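Only the coordinates and a few stated rules stand behind these numbers; no lab work does. Just so it is clear, the model here is predicted, and its values are computed rather than measured. Note: ideal-geometry Cβ built from the backbone for every residue, glycine included; neighbour counts use all protein chains shown.
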Amino acid sequence: MWVKALDSAPKEGTMVEVELEGKDLFIAMNNGCLYCGENRCPHEGIKLTLGCLKDGRIRCSLHGFSFDLATGESSQTDIENMPIYPIKQENNKIYIEV
Ligand code: FES
C-alpha cells in the first residue's frame, strides 16, 4: 500500500523523519535519488537521522557503522541490514510503500 509521506522531497544531502503506519522512517535525498529506511540503527537502536549521508550510505552517529541507502546492507557483517522501503515521487509528493 502506497502512503503519502511528504508534500515535497527533502533538499539534496538532507533527510527528514516521518512516521507512517506506526513505523519510524527517514526519507533522504542523496546524489539526486530518494531513499527511505527505518529510522533506527540495527546496532543499538538510535535514530539514523542523527547521522549523516555520504556516497549513497547513511552513517550512524553513535559508532559510525553505515548502511547502503539502496539495499540496506550493513558495513559490518555481524550487524543486521537496515530495513528499506520503496519510495516514489508523483506531482512533487513523496509516497512510501509500507
Ligand atoms: S548504534 Fe548505530 S552504529 Fe552503533
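Over 18 Å between Cα atoms: which of K4/K54; K4/K88; K11/K54 fall into that group? Each step should come with its number before you reach the end.
Working: K4/K54 26 Å; K4/K88 10 Å; K11/K54 14 Å.
K4/K54, as the Cα separations exceed 18 Å there.
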Determine ³J(HN,Hα), in whole Hz, for all residues of region 13-30 in sequence, where each value follows from phi through the Karplus function 6.51 cos²θ - 1.76 cosθ + 1.60 and θ = phi - 60°; x replaces Gly and Pro.
x, 10, 9, 10, 8, 9, 10, 9, 6, x, 10, 8, 10, 10, 10, 10, 10, 9
Need one number: nm distance between label points at K4 and T71, each 7 Å from Cα along Cα→Cβ, rounded to one decimal.
3.5 nm
In percent, how large is the relative contact order of region 2-97, given Cα pairs closer than 8 Å and 6 or more residues apart?
28 percent
Computed on Cα atoms, Rg of the chain relative to 2.2 N^0.38 Å comes out at 0.99
Say we join alpha carbon atoms closer than 10 Å with springs in a Gaussian network model of the chain; which of I84, I46, I27 then has the biggest fluctuation?
I46
